[in-house]
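Below is one structure, written out as structure tokens; comments come after it.
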Amino acid sequence: VMNRTLSRKLLGSMCGISSRRLSFAQSAVNTLIKSRELEKDELRPLYMDFQATTPMDPRVLDAMLPYQVNYYGNPHSRTHAYGWESETAMEKARKQVADLIGADPREIVFTSGGVARFYKAKKNHIITTQTEHKCVLDSCRILEAEGFEVTYLPVKNNGLIDLKQLQETIRPDTSLVSIMTINNEIGVKQPIKEIGHLCRSKNVFFHTDAAQAVGKIPINVNDCKVDLMSISGHKIYGPKGVGALYVRRRPRVRIEPLQNGGGQERGLRSGTVPTPLVVGLGAACEIAQQELEYDHKCVTVLANRLVQKIVSEIPDVVMNGDPDQRYPGCVNLSFAYVEGESLLMALKDVALSSGRSVKDYNYTTGDLMHMTFFFVRFGIGRFTTDEEVDYTVEKRIQQVKRLREMSPLWEMVQEGIDLKSIKWTQH
Amino acid sequence: MAASSREHVLSLYRLLLKESEKFPSYNYRTYALRRVRDAFRENRTVEDPEVVKELLNRARDSLALIQRQVCVGKMYEIQKTVVEQEEEKSA
């Protein structure tokens, strides 16, 4: 309460940059590309946006359908077979999710997506990063309004957080650290194990948003000393509208319920558990565990192919994020000297995510220190094929070459003019 | 026994591939074909009859699953993807 206005102003400007980065990019895209549905005889674009959402695996749909058609009982009904079979399915799904992350089934709470939760504790300092997902950042802002103090840690140039900085930021009144495992924009993998051990040693709860990581890299909540973990169904080839929250039992993590009411899910998230959706989530987790190695191998090969081809054909391409500590399936490339809007318009035959990002924002004066650069995010997943990657790469290379020919900046660079030495005049 | 079991495995393999070809969705079709081939290739050297029996059961379940999902896919068909048109052109 004391320094709320001051801290909010300071944190607001820091927070503004990261959420602005995400929403700014999105609004830029939305205004330029007119959204319309495909015509009947028009060809469908290739899907290369696996970080946004994933198609359902046929095996998941197959597991879900019986519960949409015949086994429609409420899992909380205790008096008849419909309820019992539904409950059995729900508990089986719980075990499948728990097995994937090395948890106990009693520690899994089904939710309606990867939502962040509210915590009430005597200690009211929270640490998170500037590159968290928008939902986490928004929740933090609401928490600030409730009297919590939130520190938004900056990330290094390669997208990873600085462990030393985190250690210094942890105070005696820090109750929670929230850092996502794999970033959905650039694919960097944070050092979760080290962060977990650090937090445990300082008696601070550690929450990680593992929506992009679960089922793609091996995660064990006990190895990494994670206390809370968010899982999202539709990022791991499962259904949309369901997720799970891992809440550690030993040592006990106390959280406030998000939804009050009938007391389902240990009182943490009331409301009838949607059996078909959780069955789907469980099946998706089991499949992910079986296919983890195979998928990882395929995705790595395809990602390398994509990057090698692009980098060998066109110069001045930057891959954002640390080259080693990353998930290969999320390739975020920036093409220098290319006019952003034009590249956006040309992307209609492949479903990609793209946007602008701001580098070096001066917090005190609010100036943009560097020019905005334009990035394209290629998402590679379980179902991506060689042909899709080749097609995408070919088209992108063509477009970038064409746009560069039209770009005056590119001409200047080709002539050997150093752009930094140019004095830009304002009109 | 070994000879018929080998034929059995091969016939299951061919059936799985034949069914997988029928997926209307480009991504599901290519994935199923690739996964079936790689799974059979990976388990080529398995000797233990118990393990073989288990794997064959899984293969049979997968076959039934693929047949059902092919049906579902056919019920809700949509346009082809850009890459498929190129395949048809070159074929």
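Over all projection directions, the Cα-based convex hull of chain B averages an area of 6.8 nm². Other residues with beta-carbon under 10 Å from the beta-carbon of residue A:305 carry, at +1 per Lys or Arg and -1 per Asp or Glu, a net charge of -1.
Each pair of Cα atoms in the stretch A:58-288 enters the Kirkwood radius, and Stokes-Einstein at 10 °C and 1.306 mPa s then converts it into a translational diffusion coefficient of 88 µm²/s. The calculated FRET efficiency for residue A:222 paired with residue A:417, based on their beta-carbon distance and R0 = 41 Å, is about 0.10.
One way to sum up the overall shape of the stretch A:151-310 is the equivalent ellipsoid from its Cα gyration tensor, whose semi-axes run 27, 25, 13 Å, largest first. For residue A:160, neighbours were defined as the other residues whose beta-carbon sits under 15 Å from its Cβ, and their charges (Lys and Arg +1, Asp and Glu -1) total -1. Using 1/(1 + (r/R0)^6) with R0 = 51 angstrom and r between the beta carbons of residue B:14 and residue A:173, what's the FRET efficiency to the nearest 0.05? Computed FRET efficiency for residue B:14 and residue A:173: 0.15. Using 19 Å as the cut-off for backbone N distance, which residues of the stretch B:31-55 belong to the label zone defined by a point 7 Å from the Cα of residue A:99 along Cα→Cβ? Residues B:51-55 qualify, since their backbone N sits under 19 Å from the label point. Working from label points 7 Å from Cα in the Cα-to-Cβ sense, the residue A:156 to residue B:56 distance is 5.5 nm.
Within the shell of other residues whose beta carbon sits under 14 angstrom from the beta carbon of residue B:41, the net charge comes to +3, with Lys and Arg scored +1 and Asp and Glu -1. Straightening the chain between residue A:398 and residue A:37 buys 127.4 nm, computed as 0.36 nm per residue apart minus the Cα-Cα spacing. Start at zero, step by 5 Å, and the Cα-Cα distances of the stretch A:268-333 spread as 3, 13, 16, 16, 12, 10, 10, 9, 6, 3, 2 percent across the bins. If you wrap the tightest convex hull around every Cα atom of the stretch A:65-187 and split its volume per residue, you get 167 Å³.
Only the coordinates and a few stated rules stand behind these numbers; no lab work does. A quick note: this is a predicted structure, and the numbers were derived from the prediction, not measured. Don't worry about glycine lacking a Cβ; one is built from the backbone with ideal geometry, like all the others, and counts go over all protein chains shown.
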